[in-house]
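Novice: Let me give you the structure first, and then I'll get to my questions.
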Amino acid sequence: MVPHLSTIGLSKSYRKGREAVPVLDGVDLDIDQGDLLAIVGASGSGKSTLLHLIGLIDGADGGQIELNGERIDNLPNRRRDALRNRTFGFIFQFYHLLPELTALENVLIPLTIRYGPLEYLAKRRRFRAEAEAMLDRVGLSHRITHKPNELSGGEMQRVAIARALVGGPSVLLADEPTGNLDANTGREVLDLLRDLNRERALTMILVTHDLGIASKADRVVRLAEGRLEEWSPVLA
């Protein structure tokens, strides 16, 4: 069976003055539809870099990325933009909500980007209903008119999750989604992500420093010296 998502020989370096500093060195990874994969590793090991490459936010120096057996990292810009908007959903540690918008308006952003002004206006009632339903699913139906400065950290992350999922992606990329939360709130957010993973058969890649969070994944890999290895928190 063809994996839902694959990286093949993925490499990436950054410039530090005149010197090239390697971060990823031939990373091979296969993940099946509906799996929840956790990536762990030391700070600076390249976990976020790998996630950004998979999500086509950044470009690799070598290797390739495949979605359902088809290469996607070399597609024209317009098609890569469409994949970022439709296929991949992104959650970040610091939420990246627009402060001047309400929770509902923040969740609607991916749909406003996806459709032209006229089409969006024609379907705005449907889109609003979808965004409200997603906020209800993450437990925030009572906070839709609140702006980020009126929400707790856990609530802001739930808004970010709703925003990531409102467009119906098949892959969710989460970069330290509990890293800015206290332990109890982090567990609540993780439980929500796990529930959504199961409900939607959503392929999920989670970068985390928290071994307790990693232990809840279907599979854990460790990034060290630019390469991935299968890893078990129990044996660490």
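Novice: Hey, can you tell me all the residues within segment 181-195 that are in a helix (DSSP H, G or I) and crowded, with 18+ Cβ neighbours inside 10 Å?
Specialist: Within segment 181-195, the subset in a helix (DSSP H, G or I) is 183-195.
Those that are in a helix (DSSP H, G or I) and crowded, with 18+ Cβ neighbours inside 10 Å: G186, V189, L190, L192, L193.
Novice: Here is a further query. Could you check, for segment 162-176, whether at least one of its residues is assigned to a loop (DSSP other than H, G, I, E, B), closer than 21 Å to S141 by Cβ and either in contact with a helix residue (DSSP H, G or I) (Cβ under 7 Å, 6 or more places away or on another chain) or among the basic types (K, R) (or both)? Steps first, answer last, please.
Specialist: Going through segment 162-176, the residues assigned to a loop (DSSP other than H, G, I, E, B) turn out to be 166-170, 176.
After this cut, where a residue has to be closer than 21 Å to S141 by Cβ as well, the list is 166-168.
Keeping just the survivors that are either in contact with a helix residue (DSSP H, G or I) (Cβ under 7 Å, 6 or more places away or on another chain) or among the basic types (K, R) (or both) gives 166-167.
Yes, the conditions are met somewhere in segment 162-176.
Novice: To continue, here is another question. I need the full set of residues from segment 86-111 which are open to solvent by less than 60 Å² (accessible area, probe 1.4 Å), more than 14 Å from E155 (Cα to Cα) and assigned to a helix (DSSP H, G or I), in order please. Don't jump to the end; show me each part of the working.
Specialist: Of segment 86-111, the ones open to solvent by less than 60 Å² (accessible area, probe 1.4 Å) are 87-93, 95, 97, 101-104, 106-111.
Still in the running and more than 14 Å from E155 (Cα to Cα): 87-90, 101, 108-111.
The answer is L108, I109, P110, L111.
Novice: Quick check on segment 50-72: of everything there that is open to solvent by 20 Å² or more (accessible area, probe 1.4 Å) and under 17 Å from the mean Cα position of the chain (by Cα), which residue is nearest to T178 (Cα to Cα)?
Specialist: Step by step, filter segment 50-72, then rank; the result is H52.
Novice: On the given criteria, is T178 modelled with pLDDT of 95 or more, open to solvent by 10 Å² or more (accessible area, probe 1.4 Å) and either touching an Asp or Glu at 6+ places or on another chain (Cβ under 8 Å) or polar (S, T, N, Q) (or both)? Full working, then the answer.
Specialist: Working: modelled with pLDDT of 95 or more: no; open to solvent by 10 Å² or more (accessible area, probe 1.4 Å): yes; either touching an Asp or Glu at 6+ places or on another chain (Cβ under 8 Å) or polar (S, T, N, Q) (or both): yes.
Answer is no for this residue.
Novice: Got a number for residues in segment 201-220 being surrounded by fewer than 20 Cβ atoms within 10 Å (Cβ to Cβ), at pLDDT 90 or above and either closer than 18 Å to A162 by Cβ or out of contact with any Asp or Glu (no Cβ under 8 Å at 6 or more places or on another chain) (or both)?
Specialist: Residues of segment 201-220 surrounded by fewer than 20 Cβ atoms within 10 Å (Cβ to Cβ): 201, 209-212, 215-216, 218-219.
Add one more test, that the residue is at pLDDT 90 or above, and what stays is 201, 218-219.
Among the residues that remain, those that are also either closer than 18 Å to A162 by Cβ or out of contact with any Asp or Glu (no Cβ under 8 Å at 6 or more places or on another chain) (or both) are: 201.
Going through segment 201-220 one residue at a time, the tally reaches 1.
The values are calculated or read from the model by the stated rules, or taken from the named source; none is laboratory data. Nothing here was measured: the structure is a model prediction, and the numbers come from that model. No Cβ is skipped: glycine too gets one built from the backbone with ideal geometry, and neighbour counts run over all protein chains shown. The accessibility values were calculated without ligands, DNA or RNA, using every heavy atom of the protein model including side chains. Shrake-Rupley method; radii C 1.70, N 1.55, O 1.52, S 1.80 Å.
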